[in-house]
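Just below is one structure, and these are the notes that go with it.
The values are calculated or read from the model by the stated rules, or taken from the named source; none is laboratory data. On a predicted model such as this, the values are computed, not experimentally measured, just so you know. So basically every Cβ, Gly included, is an ideal-geometry build from the backbone, and we count neighbours across all protein chains shown. These area figures cover heavy atoms from the full protein model, side chains too; ligands, DNA and RNA do not enter into them. Shrake-Rupley method; radii C 1.70, N 1.55, O 1.52, S 1.80 Å.
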Amino acid sequence: NNFAVRRSAAASRSSSSTNLKAAIMILLLCSLVFGSFYLSYDVVKKSMEVQKHVQADNKNVAKNTAATKEDEATAIQSPKEDLTLSKPQQTPPPPPPPINSDKCAFRSYPKSRLYGLHDQSQPNFLSSDATYIRGELPTILNPIEKDDAEQTAPVKPCLDTTSWETLWDESTKKNRLPFTDGHNPSIVSLASNPYIQGTNNNNDNNKQHVRLDPKHIAPLTSAFPNYPPNNLFLGVTIFGNGQCKFGLSEEEVTTYNFSTYNDPPDGKRTIIAVMTPPMPLDTEQNQQQQQLPFQILGQTTLLLERDVKYGTKRQRGKFIEAESNPQGGHTRIHQEFDDPRFFFHEGRLWVLYRNGPLFGYQDQIHNPVHFESVTNDEKGGGGGEGTEEVKFVAYVKASETVRVCCGRNIALISEEAARNVDDGSSGNRNGGDGKMAGMEWMPSGSLQALTWVDPVTVVDVDLGDVTNLLKDHRRLSEVDKDVGDGVAMQAKLGEISTHHRRLGSAKKPKSNIHGTNGYLVPLPSSGELLGIAHFHRPENRKESNYALHGHHYTHAFFTIARKQQSNNSGGGDVGNATFQLKRISNEFLFRALSVPIGEKESPNDGDIIQFASGLDVYGSDIDGKLILSYGINDCEGAVLTISMSKLQRMLIEVEPGQEVADLMRTAMR
């Protein structure tokens, strides 16, 4: 029994020990579970707090970035230092001005009105079918990077049209641009001798020369007493059938703010304007006149005085009859003086032009221009806004009409300077000191006309009774009755009509070069006469997708000179025997001034229509200035100057007897 009791006690102790161990294990297991849970919870909690801070930081960054983009001047809140940083406020850039809102600025046109000088694919009439002088492709005469060095920036003559057209458009509630701004201007100096202006030349012959007698422009100089006559310039331009909106849809016309007129308001008219000089004046007393070049001081419409019948019998009885003014004299009307250009003869200013309806389209018409002062209560016949104080009128007389037939953009010759070949400077265009040496002006002779550039064709112009009228001021009753028909004052048609172009041989080729400016300007240092001519490609003037008439114009400077007696064999053509081509430049374009919609600046290109109608020299022909005026797109005009030294470098000598046709080559691309 004792043994059984001991076994029972031992079993009881073993069971208690086992239970204790199991309890301890359970406790350890619970501790481990609860500990793991606590540790996991702490990690998750800390992780959530970190994530919360990250999200808050990201939100702050995003908020600050958006604030910066929206307005750089908005304060940015730092999440760490709570410090507000402010930036100075910036004025937003002004919105771009409406396109073509300023009538005195150069117009913007669609890209279709550009020449396409650098286009990779050009039409055949500019590429495979085209020839160019010396085979050289045209370049830009006046690239913008050369401004202020050898050239001035082009200026637009800003003429006032409000006396004959309304610019207000009721549909858009704003002013539109004029129908045209005056195209193909001709601008010349009113100096009595422009070839000595700004020079130190001591040649007495040159100083004594007079191109324009001041007494004939006294009404102009008296109207602007603050300006010395030698510092005034005069421009003439036509307001006619322009091509401003050629090829534009109605929507584009509105977009570009062009006029809705389809014909010239109140008919075609020609405007003459007095202009400021191209360079600052040197004298202190003229400091108040320091302003932009070629600004309009005053303008007037060029009128026709109906003192005799005006027109030609060839136009089937189309005349303007003479008409007396009840207050005395004869009535004056504005008339079609198309493509007007100035020239000088015997101390007077003349204008050449065409009037197809009355004289036909083969004849070029010429008249001396007269000026008159007017009283304060009279109008200048075409003034308007800003020109109320102008006190002059300009007119031509029907009785002083001269016709010349039958060239293409005929240029007149009146002044010639000859270089003395015995002065030791043979072969040089000027003396060793840079001054004109050994030159003298030839006596004023008859008026001559360059009717064709290729071949060079010069003919005499018969002024009929006009010279006597201007000298003697005879009464109209003494004038030949036929004078208005152009019979008594036409050029020598027999001589001109038999020498339209001197071809020499039926097989001899000729180029399609045409004269442009109306007056061949003398170069005293070399005895040459300077002109500017143009090509348009293709040669035909048929209406196309590009323009109503000619398009893709290029220009070239050229000079002609009298042949030496030793070179004159005495035979050949009567009209051309004394002059020959001396020098000619390669072809060029004027830089385009249009900024097409969507562009920030003008392209490196030219306009599809450019017509250089004015040429003059101001100062020495060695280091003076060349005044160039031209038309753009048959819509507006421009004027600029280039240095005569640049011009002299551009002119290249030709071989004796060579004509322009001999220089034409296919261009290498």
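Annotations for the structure displayed:
- Once backbone amide H atoms are built at 1.01 Å from N, Gln610 has Tyr553, Asn633 as its partners under 5 Å, excluding neighbours fewer than 5 places away on the same chain.
- J(HN,Hα) series, the range 134-150, from Karplus relation 6.51 cos²θ - 1.76 cosθ + 1.60, nearest Hz, glycine and proline x: 6, x, 9, 5, x, 10, 7, 5, 10, x, 4, 6, 8, 4, 6, 9, 10
- Ranking of Glu150, Glu165 by solvent-accessible surface, largest first: Glu150, Glu165 (1.4 Å probe, protein heavy atoms only, all chains present).
- With each label modelled as a point 7 angstrom along the Cα→C-beta vector, the Glu250-Ser128 pair spans 4.1 nm.
- Taking amide H atoms as placed 1.01 Å from N in the peptide plane, the amide H of Ser259 lies under 5 Å from those of Leu177, each 5 or more residues away in sequence or on another chain.
- A cut-off of 5 Å between modelled amide H atoms, ignoring neighbours fewer than 5 places along the same chain, links Ser525 with Asp621.
- Percent accessible area from carbon and sulfur atoms, the range 526-669, protein chains only, probe 1.4 Å: 47 percent
- Phi-based couplings in Hz for the range 220-232 (Karplus 6.51, -1.76, 1.60; Gly and Pro marked x): 6, 5, 6, 6, 10, x, 6, 10, x, x, 5, 9, 8
- Spatial offset of the range 139-159 relative to the range 597-662 amounts to 10 Å, using the alpha carbon center of each.
- The heavy atoms of Arg649 offer some 150 square angstrom of accessible surface to a 1.4 angstrom probe.
- Counting only heavy atoms of the protein chains and using a 1.4 Å probe, Leu548 has close to 60 Å² of accessible surface.
- Efficiency of FRET from Cβ geometry, Glu136 and Asn226, R₀ 56 Å, rounded to 0.05: 0.75
- When the convex hull of its Cα atoms is projected in every direction, mean area for the range 148-188 (nm²): 4.8 nm²
- Among the protein heavy atoms, those of Glu653 account for about 100 Å² of accessible surface (1.4 Å probe, every chain in place).
- Structure note, pairs Lys245/Lys309; Lys309/Lys510; Lys207/Lys582; Lys103/Lys146: Cα-Cα distances above 31 angstrom occur for Lys245/Lys309; Lys309/Lys510.
- Taking all protein chains together and a 1.4 Å probe, the residues Thr300, Thr255 rank Thr255, Thr300 from largest to smallest accessible area.
- Put Ile133, Ile320 in order of accessible area, highest first, and with a 1.4 Å probe you get Ile320, Ile133.
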